[in-house]
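Engineer: Structure provided below as structure tokens; questions to follow.
Taken together, the values in this text are just the output of simple stated rules run on the coordinates, not laboratory data. Just so it is clear, the structure is predicted and the values come from calculations on it, not from any experiment. Cβ placement follows ideal geometry from the backbone for every residue including glycine, while neighbour counts extend to all protein chains displayed.
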Amino acid sequence: MQFKPALLATALATVLGLTACGNSGSDSQAKTSGDAKSSATLPAGKDTLIIANGSEPATLDPTKSQDTTSSAIIRQMFEGLVSGSEKGETVPGLASKWETADNKVWTFTLRDAKWSNGEPITAHDAVYALQRLTDPNTAAEYQSYLADAKVLNAEKVAAGELPLDALGVKALDDKTLQITLTEAVPYLPDMFTLPVTFPVPKSVIEKYGDKWIDPANIVVSGAYKLKEWTVNSHVTLERNGEYYDNANTSIEKVQFLPITPANGINRYLAGELDVNGIPPEMIDKMRKDLPEEMKSSEKLCTYYLRPNTVAKPFDDPRVRQALSMGLDREIVAEILKRDAPAAFQFTPTITQNMLETKPQWAALDREKRNEQAIALLAEAGYNAQNPLKFEFLYSTSETGKMLAGAFGSMWQKNLANIVQPTLNNQEWKTFLDTTNRGKFSLSMAGWCADYNEPSSFLNILKTSSSNNAGKYSNPQFDAVLENALKAGTTDEDRAQLYKQAEEIIAKDTAVIPLYTAVTVRLVKPYVNGFDGQDPMDHFLVKNFSFKK
């Protein structure tokens with residue numbers, strides 16, 4: 001999922017705009033004087049958890065979501081067939097159990113749960129949601145997701161070649177959902193932790209259309225329901241009394257503010273926020289002043305530069321490789337001040353079943369890298385007399401601006417002034433639209449795993465992927481990923497195939513990996529539950545409580 005200014009007002013994800021994602025609005029440099037102080041005492045009468053969420057959500061419609069900022073809110077309001085534990089394990093959600101004999105035909109049994117309007121949630125709602133996701137008329141950014149999951153006929157349904165009811169999902173009765181695949185996919189339940197797969201209320205959507213997510217109309221399945229959404233101000237949720245586990249939900253309300261770490265730091269210190277990211281320039285100070293309130297953990301997210309591989313000059317792999325070689329990833333980590341591991345591969349090595357690989361040039365010293373990169377540019381026709389010029393797109397934020405400037409300086413220093421980027425920043429929603437339409441040359445990007453398995457990263461670079469904004473295409477790469485799901489493939493075989501896939505995209509420089517994200521945030525001491533043990537960072541407020 002695009003690391004949109006971080007799915008949460010936390011890490012730098014917010015800054016770069018990962019799932020790839022970015023921030024909305026502008027950041028002001030955070031300035032504090034003296035020692036930072038934060039109250040450990042729960043304010044009298046407090047019933048609302050307030051979270052800085054990086055930017056304005058692009059949507060609150062689960063099916064149409066694509067970024068971490070939106071999903072952070074959606075996960076509180078809607079629940080999937082499966083859910084995630086505090087440690088990131090896949091656990092029962094709306095489905096109380098699931099079973100399969102061959103990893104190709106899966107049966108999910110739904111629990112007795114209700115929508116917030118009191119109507120029962122059924123297997124028919126799940127079928128509708130998955131058909132809606134794949135329907136070309138929905139134009140969901142994750143339209144190809146079920147094709148990646150090998151759901152029967154998903155690819156042809158998405159292409160409009162077969163009707164929706166041909167999709168391999170069927171309600172056997174009100175409480176039993178059957179999903180049929182064309183290949184054995186052992187991690188299928190993990191894929192259903194992604195909001196785009198969550199059941200949605202058919203009758204409400206058909207009645208209100210795109211207005212179904214307005215506070216007056218929305219019907220939800222999760223622990224919280226939408227109370228108020230004021231654009232560029234706040235999204236407020238309140239407890240859903242119809243939620244099946246409402247008795248174990250503690251916090252009454254949760255409010256998400258579309259502000260970045262830099263804009264939120266002083267509000268956090270003043271007691272106006274309970275959770276906030278930490279801007280790079282404040283990391284050292286917070287480590288000194290509020291170490292007990294800092295929560296830091298490596299996350300299944302990669303920040304990278306995304307070239308448009310079908311547009312000049314980035315249709316030339318020599319140009320892409322030269323720019324990758326010209327970057328000092330260690331310096332990027334120093335700028336961010338969050339111990340972010342440098343990345344030479346797209347899939348983080350902490351991902352389950354992922355082996356490490358690096359391009360051959362990664363073993364070279366800086367001088368040799370520069371020589372080879374300049375030679376590649378010369379082969380592509382670029383030199384001091386004919387410099388490489390292109391537009392570099394990033395989402396609006398101080399950190400994004402800082403990193404974009406740093407990249408420009410590295411290229412200028414390491415590549416003999418041959419590279420001359422023009423920087424262009426856009427607010428988050430516009431940035432998403434621009435990249436989705438392919439109207440860019442090179443952009444900042446970030447991707448967070450939709451589930452803890454290498455295919456969650458690698459699938460977005462398949463030729464057929466609806467998330468392949470850079471339009472990378474290599475039949476050999478596609479074939480390797482297809483082989484990973486062939487009958488008889490063991491986990492060990494699959495790990496080697498994933499490594500082979502990484503080697504192919506490294507050779508092509510399909511993307512330019514920069515670093516693996518580290519979530520760093522401040523959390524008030526009176527908030528229980530934000531422990532950072534989930535590498536997916538799919539936090540659920542229903543699992544939190546206020547320490548009295």
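Engineer: About the Cα centre of the stretch 299-517, what is the dipole size in debye to 20, counting +1 per Lys and Arg Cβ and -1 per Asp and Glu Cβ, all else neutral?
Structural biologist: For this selection, approximately 520 debye.
Engineer: Continuing with the same structure: Taking the Cα centre of the chain as origin and charging only Cβ (+1 Lys, Arg; -1 Asp, Glu), how large is the dipole, in debye to the nearest 20?
Structural biologist: 940 debye
Engineer: Hey, can you rank 482-489, 142-149 by average C-beta count inside 10 Å, highest first?
Structural biologist: 142-149, 482-489
Engineer: Which of rounded, prolate or oblate describes the stretch 284-372 when judged by the alpha-carbon gyration tensor and an a/c cut-off of 1.5?
Structural biologist: prolate
Engineer: On a full-extension model of 0.36 nm per residue, what is the gain between Ala44 and Asn483, subtracting their alpha-carbon distance, rounded to one decimal in nm?
Structural biologist: The Ala44-Asn483 span can extend by a further 152.2 nm.
Engineer: Sort 54-62, 163-171 for me by packing, meaning the mean count of neighbouring Cβ atoms within 10 Å per residue, highest on top.
Structural biologist: Going by the mean number of other Cβ atoms within 10 Å, highest first, we get 54-62, 163-171.
Engineer: What distance in nm separates the two pseudo spin-label positions at Ala416 and Asp214, each 7 Å out from Cα along the beta-carbon direction?
Structural biologist: Here the answer is 6.2 nm between the modelled labels.
Engineer: Between Ile331 and Asp102, with labels modelled 7 Å along Cα→Cβ, what's the label distance in nm to one decimal, could you check?
Structural biologist: 5.7 nm
Engineer: Please list, ordered by chain and number, the residues whose modelled amide H lies under 5 Å from the amide H of Val91; skip anything fewer than 5 residues away on the same chain.
Structural biologist: The answer is Ser83, Gly84, Ser85.
Engineer: Then there's this: Please list 172-184, 449-461 highest first by mean number of surrounding beta-carbon atoms within 10 Å per residue.
Structural biologist: The packing order, highest mean first, is 449-461, 172-184.
Engineer: How big is the C-alpha Rg of the stretch 215-263 next to the rule-of-thumb value 2.2 N^0.38 Å, as a ratio?
Structural biologist: Against the compact-globule rule of thumb, the ratio is 1.28.
Engineer: Can you compute the FRET efficiency between Ser296 and Asp493 using 1/(1 + (r/R0)^6), with r the Cβ-Cβ distance and R0 = 60 Å? Round to the nearest 0.05.
Structural biologist: It comes to 0.95.
Engineer: Give me P(r) over the stretch 82-207, computed from all C-alpha to C-alpha distances, binned every 5 Å, as integer percentages.
Structural biologist: Bins of 5 Å from zero give 2, 11, 21, 25, 21, 13, 5, 1, 0 percent of pairs.
Engineer: For a quick check: with amide H placed at 1.01 Å from N, whose amide H comes under 5 Å from Lys227's, ignoring anything fewer than 5 positions away on the same chain?
Structural biologist: Thr236, Leu237, Glu238
Engineer: Using the beta-carbon distance between Asp173 and Lys202 and R0 = 30 Å, what value does 1/(1 + (r/R0)^6) give for FRET efficiency, to the nearest 0.05?
Structural biologist: Efficiency for this residue pair is about 0.95.
Engineer: Before rounding to the nearest 500, sum -39500 (n - 2.57) across all DSSP H runs of length at least 4 in the chain and divide by the residue total; then give [θ] at 222 nm in deg cm²/dmol.
Structural biologist: Calculated from helices alone, the mean residue ellipticity at 222 nm is -7500 deg cm²/dmol.
Engineer: Okay, moving on. What are the ³J(HN,Hα) values, in whole Hz, obtained from phi via the Karplus relation 6.51 cos²θ - 1.76 cosθ + 1.60 with θ = phi - 60°, for each residue of the stretch 180-193 in sequence order, with x given for Gly and Pro?
Structural biologist: 10, 10, 8, 9, 6, 10, x, 9, 3, x, 4, 5, 8, 7
Engineer: Here is a follow-up. What FRET efficiency would be calculated for the residue pair Glu228, Lys285, taking the C-beta separation as r and a Förster radius of 30 Å, to the nearest 0.05?
Structural biologist: 0.30
Engineer: List every DSSP H helix in the chain whose Cα atoms extend 18 Å or more along the helix's own long axis and whose mean Kyte-Doolittle hydropathy is at least 1.6.
Structural biologist: Membrane-span-like by this rule: not one helix.
Engineer: While we're here: At what distance in nm do the modelled label points of Glu119 and Glu371 sit from each other, each positioned 7 Å from its Cα along Cα→Cβ?
Structural biologist: If labels sit at Glu119 and Glu371, their model points lie 7.1 nm apart.
Engineer: Right, something else. In sequence order, what are the phi-derived ³J(HN,Hα) couplings for the stretch 231-242 according to the Karplus relation 6.51 cos²θ - 1.76 cosθ + 1.60 with θ = phi - 60°, rounded to whole Hz, with x for glycine and proline?
Structural biologist: Karplus-based 3J(HN,Hα) across the stretch 231-242 equals 4, 6, 10, 6, 10, 10, 10, 10, 4, 9, x, 8 Hz.
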